[in-house]
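Undergrad: There's a structure below that I have some questions on.
The values are calculated or read from the model by the stated rules, or taken from the named source; none is laboratory data. Remember, it's a predicted structure, so these values are computed and weren't measured experimentally. So basically every Cβ, Gly included, is an ideal-geometry build from the backbone, and we count neighbours across all protein chains shown.
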Amino acid sequence: MRIAVDCHMVGQPRAGDAGNGRYAARLVAALLATRSDGDEVAAFVAYPDARALLPGARHLAVPRSNVRRLALAVARHAATARLDAALFHYIAPPVRTCRQLLVIHDLSFLLFPEWLDRRARWLLRAAVPVCARRAAVIVAASHTAKQDLVAALRLEPERVHVVPTHPAPVFTPDARAADRVRERFGLRRYLLAVGDVSPRKNLVALAEAVAALDRPDLELALVGRPGFRGREILSRCRARWLGYVTDEELADLYRAAAVTAYPSLYEGFGIPVLEALACGSPVVASRRGAIPEAAGDAAILVEPDVRGLAEGIRAALEPAESDRLRAAGPRRAARFSVEATGTAGWAAFRAAAAAEPAR
């Protein structure tokens, strides 16, 4: 079976699709690790860095422009590579030269349109429902996201396959990380937040919660590129903004953090939660969306307001609770494995290949 995953956002230098790109890269890795004899995995790539981030896959170069990529390049590659099926994010090509899978990471464009700029809001609300009706299979990263998709888009539940992600191999505990973080970033005791800086990440409330703790030794560190209204949000946060870091640096930041906080107001999964758990960081996270599905009982889940976040962080800083969370995190993360992602991914692709052509 010949398949492809749209990885055009992997390796891109801007904010907006960081989680989607990480999901695509981990899916390709899992599909390669679990393929059967005769299976071939390709990746549509737009940035040079993607080639190193997607080892083992056949790389099919596509333009960075969404219109040129979806209207021309993808269809040409699908035909010449004789693909059986290909997976796209939110919007699929109008010309179908193979079966299409559509991953819809979340429904923020419908449920919380104020978190997106006007162009993205208009495009997604217009295109996603149409592409979802035409796709052979819909992919969700969590059971919570599947329930949201079925209800909001009126999809048949059997058409929606849950394909969870897993942490990259670099995200593991390492007791020596604190020394490297002090040397590289000058951080000692800090609370970490990771993700594109945008309204739904709720960073202003987090910064206010940290201030309310009145612990001068605890610094707030932010990792991620500014997205929609990102600069405005950063200006309102009393924090050290580290910007973009490599995965190796990010793993060290998780490992050495006193707490990793994920106060997002809505997520279809929450990859930073899983990465932090895998590194053994105590996690305080919002109980909204699919975040509890990723975190289980290995994190402290709170209402993502100032009071709830402050109380959760205070509890996570207690030595006994911190030790419990550091031990529970890697065990929880181990449930999200390469094998689980790959098995679910191949099942979705085979279902798409066997499906009747959509009208």
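Undergrad: Helices (runs of 4 or more DSSP H) wholly in segment 114-206 with at least 2 residues that are over 25 Å from PRO292 (Cα atoms) and at pLDDT 95 or above - which ones?
TA: Filter on segment 114-206 gives 118-134, 177-185.
Undergrad: Can you work out which of the residues in segment 188-204 that are surrounded by fewer than 20 Cβ atoms within 10 Å (Cβ to Cβ) and in contact with a helix residue (DSSP H, G or I) (Cβ under 9 Å, 6 or more places away or on another chain) is nearest to SER264 (Cα to Cα)?
TA: PRO199
Undergrad: Moving on to the next point. Within segment 281-302, does at least one residue satisfy the condition of being touching a residue at least 60 places away in the same chain (Cβ under 8 Å), farther than 19 Å from HIS105 by Cβ and outside the structural domain of ARG159 (by TED's automatic domain parsing)?
TA: yes
Undergrad: Within segment 330-355, take every residue that is hydrophobic (A, V, I, L, M, F, W, C) and farther than 18 Å from ASP39 by Cα and give me the one that is surrounded by the most Cβ atoms within 10 Å (Cβ to Cβ).
TA: By that ranking, first place goes to ALA333.
Undergrad: Which of the residues belonging to segment 223-249 are in a loop (DSSP other than H, G, I, E, B) and surrounded by fewer than 23 Cβ atoms within 10 Å (Cβ to Cβ)?
TA: Result: ARG225, PHE228, ARG229, ARG236, CYS237, ARG238, ALA239, TYR244, VAL245, THR246.
Undergrad: Cβ-Cβ under 8 Å, sequence separation 6+ or interchain: first residue in segment 220-243 and closer than 15 Å to LEU206 by Cβ, partner polar (S, T, N, Q). Which pairs?
TA: Pairs that qualify, where the first residue is closer than 15 Å to LEU206 by Cβ and the partner is polar (S, T, N, Q), are GLY230/SER198; ILE233/SER198.
Undergrad: Given the residues ALA61, ALA18, which is the only one that is buried (at least 20 other Cβ atoms within 10 Å of the Cβ) and assigned by TED's automatic domain parsing to the domain that holds PRO93?
TA: ALA18
Undergrad: Okay, moving on. With the condition being touching a residue at least 12 places away in the same chain (Cβ under 8 Å) and closer than 30 Å to LEU250 by Cα, I'd like the helices (runs of 4 or more DSSP H) fully within segment 1-113 carrying at least 2 qualifying residues.
TA: 18-34, 49-53, 108-111
Undergrad: Turning to a different aspect of this structure: Of the residues that make up segment 162-171, is at least one over 30 Å from LEU27 (Cα atoms) and either free of Cβ contacts under 8 Å to residues at least 60 places away in the same chain or among the acidic types (Asp, Glu) (or both)?
TA: No, segment 162-171 contains no residue that is over 30 Å from LEU27 (Cα atoms) and either free of Cβ contacts under 8 Å to residues at least 60 places away in the same chain or among the acidic types (Asp, Glu) (or both).
Undergrad: Which ones in segment 250-268 are surrounded by fewer than 24 Cβ atoms within 10 Å (Cβ to Cβ) and outside any helix (DSSP H, G or I)?
TA: Within segment 250-268, ALA258, SER264, LEU265, TYR266 qualify.
Undergrad: Given (1) over 19 Å from ALA18 (Cα atoms); (2) touching a Pro at 6+ places or on another chain (Cβ under 6 Å), identify the lone condition not met by ALA207.
TA: (2)
Undergrad: If ARG184 satisfies all but one of (1) in contact with a helix residue (DSSP H, G or I) (Cβ under 7 Å, 6 or more places away or on another chain); (2) basic (Lys, Arg); (3) closer than 26 Å to LEU27 by Cβ, what's the number of the condition it fails?
TA: That leaves (3) as the condition not met.
Undergrad: Shifting gears a bit: Could you grab me the full set of residues in segment 335-355 that are free of Cβ contacts under 8 Å to residues at least 40 places away in the same chain and either closer than 20 Å to ARG255 by Cβ or not in a helix (DSSP H, G or I) (or both)?
TA: ARG335
Undergrad: Here are some residues: ALA320, ALA276, ALA310. Which one is touching a helix residue (DSSP H, G or I) at 6+ places or on another chain (Cβ under 8 Å), surrounded by fewer than 24 Cβ atoms within 10 Å (Cβ to Cβ), modelled with pLDDT of 95 or more and in a helix (DSSP H, G or I)?
TA: Just a single option satisfies the conditions, and that option is ALA310.
Undergrad: I've got another one for you. Of all residues being buried (at least 21 other Cβ atoms within 10 Å of the Cβ) and not hydroxyl-bearing (Ser, Thr, Tyr) in segment 160-176, which is nearest to ILE91 (Cα to Cα)? Just the residue, please.
TA: That would be VAL160.
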